Amino acid sequence: MSTIFEQAKAKYAKSGVDVESALEKLKTIPVSIHCWQGDDVVGFDGAGALGDGLQITGNYPGRARNFEELKEDIKKAFSLIPGKKRLNLHASYAILGADKGKVDRDEYTAKYFEPWVAFAKEIGLDGIDFNPTFFSHKNMKNGLSLSSPDEEIRKFWIRHGQACLKITEYLANEMGTPSLMNIWIPDGFKDVPADRLTPRLRLKNSLDEILSVPYDKNKVVVAVESKVFAVGIESYTVGSNEFYQNYAASRGICCLLDNGHYHPLEYVSDKIPSLLAFYDKVALHVTRGVRWDSDHVVLFEDELKEIAKEIIRNDAAEKVLIGLDFFDASINRISAWTVGARNMQKALLWALLMPHAELKTLQDEANFTKLMVEAEELKTLPFGAVWEEYLKRCNVAGEDWFGEVEAYEKKILNARV
């Protein structure tokens, strides 16, 4: 008697989809999972609270307060997430030890991230990605960092970026896979600026100075991330999409697309193939904006599916670097990680279970009627049975995974005061 999974395979086969091939391909696609969901983006270097265009809401019990607790929570969440995983770190998560308060971000070196490397190797991660932290710091003067007219402030942040380049190369060497270093700054103005150009010229010069530090481009992928606006900088963002896409193209680096960082009717799923026409690499921060860049937990929704389809249908799984970026302090943080990461993997599987070659042919033949019919029929194929089989093969809990989170909360999280 055939199993539900075998029945699902047969149904997909009728549509020209090889389920076994899809499952094997999914195992090879890494997703970089962000550390900052676990502690509400507080970090370890003394900032203590968010600021500079970032905001998080909620006070759910059990926030990780130190490295040991954050490691414990990451380990638990990752045990519930299938597939190949990477860790995404911000510089503010440096393990400073006795040097806390004695060294600033412009003096960070690889030694402050050695404990993270040991942890990543311990739990078998594919690699570590990295982000300079240009926020929640006393040197964010008047809301500006790399674009500041204060030369001392600007130089401080340039040194921080240069230090992070060296740290990122160290992470790549230690983990044996290339590491992404993503640059996002919250620079901008609350009201209409008197000068839009000069801050961008200062930012361009600052980025050039950061990139003047020699680094191995085969090991370090540098990306720049734009944003349309943020709290406190509603009228003008220095690092706009147009600025960064031109900067990246002219400097031979990568653009990072965060799907919460654009106008509501702009879709990252449409931007991915546009950039693939010109760039060897495209980086993503997958999130869920509700009315604005609110970094809600990623759900299995249409835009996520479209993002995954553009990665898979264009054979770009090795070109598009997938990272997650959401944080919610109003719900259990382990659950937030797990739901978001599993949904990213679900979307990739959804895309892998589509006969893209056939659908493209129908489009080229202008057979739009059949294209619509075929695309709609795919929506009711037994996707859930294939997903459950994937979880089983990855030795990860199935639909009952939340019971493990509830037990962890009762035993570990509720003991944190």
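Taken together, the values in this text are just the output of simple stated rules run on the coordinates, not laboratory data. Note that the structure is a prediction, hence the values are computed from the model and not measured. As a convention, Cβ positions derive from the backbone with ideal geometry for all residues, glycine included, and neighbour counts pool all protein chains shown.
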Next item on the list: Starting from the Cα of E301, step 7 Å along the direction of its Cβ; do the same at F278; then give the gap between the two resulting points in nm.
Entry: 2.8
Notebook entry, point to check: What's the extension gain from R393 to H356 if we count 0.36 nm per residue and subtract their Cα-Cα distance?
Noted result: 10.8 nm
Check: Expressed in nm to one decimal, what extension gain is obtained for the pair D191 and S235 from 0.36 nm per residue of sequence separation less their Cα-Cα distance?
Finding: 15.3 nm
Margin query: With 10 angstrom as the radius, rank K85, K217 by how many other C-beta atoms surround their C-beta, starting from the fewest.
Written below: K217, K85
Margin query: Let's test the formula: R0 of 35 Å, r as the Cβ-Cβ distance of E6 and E122. What FRET efficiency results, to the nearest 0.05?
Written below: 0.40
Note to self: Quick check on packing: order 307-316, 163-172 by the mean number of other C-beta atoms within 10 Å, highest mean leading.
What the structure shows: 163-172, 307-316
Notebook entry, point to check: Given only helices, namely DSSP H runs of n ≥ 4 each adding -39500 (n - 2.57), what is the per-residue ellipticity at 222 nm of the chain, to the nearest 500 deg cm²/dmol?
Noted result: -13000 deg cm²/dmol
Note to self: Checking the cross-link filter: which lysines have an alpha carbon closer than 18 Å to that of K411, excluding same-chain neighbours under 8 positions apart?
What the structure shows: K71, K75, K76
Item checked: Near-label residues of segment 271-303 by backbone N, under 14 Å of a point 7 Å along Cα→Cβ of A375 -> 302-303
Notebook entry, point to check: Can you work out the FRET efficiency for the pair E365 and S21, with r the C-beta to C-beta distance and R0 = 35 Å, to the nearest 0.05?
Noted result: 0.90
Item checked: Whole-Å semi-axes of segment 263-339's equivalent ellipsoid (Cα gyration tensor) -> 24, 14, 10
Check: With a ≥ b ≥ c the root eigenvalues of the C-alpha gyration tensor of segment 127-226, is it rounded (a/c under 1.5), prolate (a/b larger than b/c) or oblate?
Finding: prolate
Note to self: Could you give me D for the chain, from Stokes-Einstein at 4 °C and 1.567 mPa s, where the hydrodynamic radius is the Kirkwood radius over C-alpha pairs? Units µm² s⁻¹, please.
What the structure shows: 58
Item checked: Inter-site label distance for D315 and S294 at 7 Å from Cα along Cβ, in nm -> 4.1
Next item on the list: State the extension gain, in nm to one decimal, for the chain segment bounded by S330 and D270, taking 0.36 nm per residue of separation less the distance between their alpha-carbons.
Entry: 18.5 nm
Margin query: So, R0 is 41 Å and r is the distance between the beta-carbons of D400 and N246; what FRET efficiency does that work out to, to 0.05?
Written below: 0.25
